[in-house]
Every structure is written in C-alpha cells, then in structure tokens.
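My questions all concern the structure below.
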Amino acid sequence: MKDELAYIQKISAACLEYLDSTELFARSTDGIERACSAFLKHKCYSIKKVEYDYSGKPIKDIQDLIDYFYGLMYKYHPGEAVYRNREQDLSIALAFVEARQEADGITKEAALKQCAALIQIVFEEEPRFKFNIPLNFSIFGQKQCGWITEVAVRIMNERIQKAKEEADLIFANAHADKFVGTGWSQEDIEAALKNLEGDFYGKEKGRKERREEKQRDRRQQS
C-alpha cells in the first residue's frame with residue numbers, strides 16, 4: 001500500500017509540475033508518462049507506446065485534414081509537445097479549404113486533397129519556411145500566416161512544373177525513338193514533336209481558361 005502511495009505521489013507531482021509550467025507550447029508530458037509507466041509496471045502491466053499514424057488515411061472531410069496535420073507532426077517531430085485547440089483548428093481548416101476552392105475554382109473534395117498536399121509540403125520543406133514559432137495548425141490561417149500557404153503553393157507548382165517537364169521529355173524521347181530508322185530527317189522529327197507539344201499545351205490552355213471562367217462566374221454570383 002505504501003509503495004502504491006509513493007507511485008501515486010510521483011504522478012501527482014509530475015502533473016503539478018506540468019500544470020505549473022509557464023511554457024505553454026514547449027512543455028513536455030515526459031515526466032507524467034514516466035511516472036504513470038512506473039506505476040503500471042509496478043502493478044505488473046506491460047507498457048508499449050504506440051504512435052498514431054494518420055498519413056495513410058483518406059482525406060474525406062475537415063477533421064481528416066486536421067488529423068493528417070497532427071499525424072505528420074508526430075512523424076516529423078516525435079516527442080514534441082503539441083498544443084491543440086479543436087474549435088480554432090476547425091475554423092482555420094474550413095477557411096483554408098474554402099480559400100483553395102476560390103483560388104483554383106475546384107470542388108471541396110479536390111480542395112481537401114490539395115490542402116493535404118500543401119500540409120505535407122510544409123513538413124517536407126520546413127527549412128525553406130524558417131519558422132521561429134512552434135508548429136501547430138494555426139500556421140495555415142489565411143490572414144497573418146497567409147504567406148505560409150502562398151510559399152507552399154509556390155513549391156507545389158514548382159513540383160508540378162518539374163513533373164510536367166520530365167513527362168514531356170519522356171514523351172518526346174519515346175516518339176523520337178519511333179522515328180529513328182524510318183527515313184525521317186532531324187528537321188522532320190523536330191517539327192513533328194513541336195506539333196505534338198503544341199497540341200498538348202493547347203489542351204492545357206483550354207483547361208486553364210475554363211477554370212478561370214468558372215472563377216469569374218462564382219465572383220459574379222457572390
């Protein structure tokens with residue numbers, strides 16, 4: 001009985017130390033975890049810490065998007081204390097998704113996927129953002145922190161452009177290989193590839209114009 005009381009007192013002391021800390025974002029629960037683990041082991045429990053992984057979960061709604069962010073937090077910053085504000089996170093996530101819908105003229109479903117991609121980019125390219133604040137979902141606020149979304153969008157567009165260029169190169173090489181040995185001159189091959197490229201970018205331009213037209217229609221209706 002005395003042993004149990006000693007363990008419980010240690011748990012209580014660890015909780016008080018946590019609650020009395022002035023470090024709102026950086027304070028750690030490690031002391032509480034150690035005290036609780038020691039007590040449970042004393043009671044013959046087997047302890048195994050399991051990290052939650054949301055990275056493979058489909059993003060179907062706003063809450064999934066928030067969970068995805070915190071899943072990546074656990075992955076990229078394991079052991080770091082995370083401050084969560086449910087109501088604030090929901091409000092920020094909603095505005096985040098709506099902003100991407102408005103900017104690109106896309107559906108909510110597509111905007112959710114795009115926002116998830118932007119969140120992933122922030123973690124993958126974190127040094128480029130030079131954060132001097134603790135990470136939490138508020139970095140995706142569209143007012144004071146709007147620049148973070150803009151930088152993430154810029155990086156995403158860079159990746160898309162690079163992927164297109166690589167795809168174009170593969171496409172061009174594949175067609176060039178077909179012309180080899182057919183009696184076509186180098187000038188004929190280049191002209192044929194240019195026509196194919198023009199057709200590809202013509203379709204891309206048409207899709208872009210249709211997106212812009214949808215955005216204008218939305219603005220007129222609002």
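The values are calculated or read from the model by the stated rules, or taken from the named source; none is laboratory data. A quick note: this is a predicted structure, and the numbers were derived from the prediction, not measured. Cβ coordinates were reconstructed from backbone atoms using ideal geometry, including for glycine residues, and neighbour counts include every protein chain displayed.
When you check residue 93 against the structure, is it at pLDDT 90 or above and surrounded by 15 or more Cβ atoms within 10 Å (Cβ to Cβ), yes or no? Spell out how you get there, then give the answer.
Numbers: at pLDDT 90 or above: yes; surrounded by 15 or more Cβ atoms within 10 Å (Cβ to Cβ): yes.
Answer is yes for this residue.
So that you can scan it fast, the table gives a plain yes or no per residue for (1) in a helix (DSSP H, G or I); (2) in contact with a Leu (Cβ under 7 Å, 6 or more places away or on another chain); (3) within 30 Å of residue 18 (Cα to Cα); (4) in contact (Cβ under 8 Å) with a residue 12 or more places away in the chain:
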residue	(1), (2), (3), (4)
59	no, yes, no, yes
68	yes, no, yes, yes
71	yes, no, yes, yes
74	yes, no, yes, yes
78	no, no, yes, yes
82	no, no, yes, yes
89	yes, no, yes, yes
98	yes, no, no, yes
102	yes, no, no, yes
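Which of the residues that make up the range 129-145 are without any contact (Cβ under 8 Å) to a residue 40 or more places away in the chain and surrounded by 13 or more Cβ atoms within 10 Å (Cβ to Cβ)?
Taking the range 129-145 as the starting set, the residues that turn out to be without any contact (Cβ under 8 Å) to a residue 40 or more places away in the chain are 129-133, 139, 143-145.
129, 139, 145 - these are the residues of the range 129-145 that are without any contact (Cβ under 8 Å) to a residue 40 or more places away in the chain and surrounded by 13 or more Cβ atoms within 10 Å (Cβ to Cβ).
Taking the condition modelled with pLDDT of 90 or more, within 33 Å of the chain's Cα centre (by Cα) and not charged (D, E, K, R), does residue 118 pass?
Numbers: modelled with pLDDT of 90 or more: yes; within 33 Å of the chain's Cα centre (by Cα): yes; not charged (D, E, K, R): yes.
Taking the combined requirement at face value, the residue satisfies it.
Another question about this same structure. Which of the following residues is under 15 Å from the mean Cα position of the chain (by Cα), surrounded by fewer than 16 Cβ atoms within 10 Å (Cβ to Cβ), modelled with pLDDT of 90 or more and not acidic (Asp, Glu): 88, 63? Before the answer, list the steps.
On the way: 88 fails: under 15 Å from the mean Cα position of the chain (by Cα).
Of the residues listed, the single one that is under 15 Å from the mean Cα position of the chain (by Cα), surrounded by fewer than 16 Cβ atoms within 10 Å (Cβ to Cβ), modelled with pLDDT of 90 or more and not acidic (Asp, Glu) is 63.
Another question, if that's okay. Counting only residues that are at pLDDT 85 or above and over 21 Å from residue 95 (Cα atoms), how many does the range 130-146 have?
Residues flagged as at pLDDT 85 or above and over 21 Å from residue 95 (Cα atoms) within the range 130-146 amount to 2.
Given the conditions (1) more than 14 Å from the chain's Cα centre (by Cα); (2) more than 25 Å from residue 78 (Cα to Cα); (3) in the same structural domain as residue 70 (by TED's automatic domain parsing), and given that residue 111 satisfies all but one, which numbered condition is not satisfied?
So residue 111 meets the others, but not (1).
Name the residues in the range 96-110 that are buried (at least 18 other Cβ atoms within 10 Å of the Cβ) and charged (D, E, K, R), would you?
Selection gives 100 alone.
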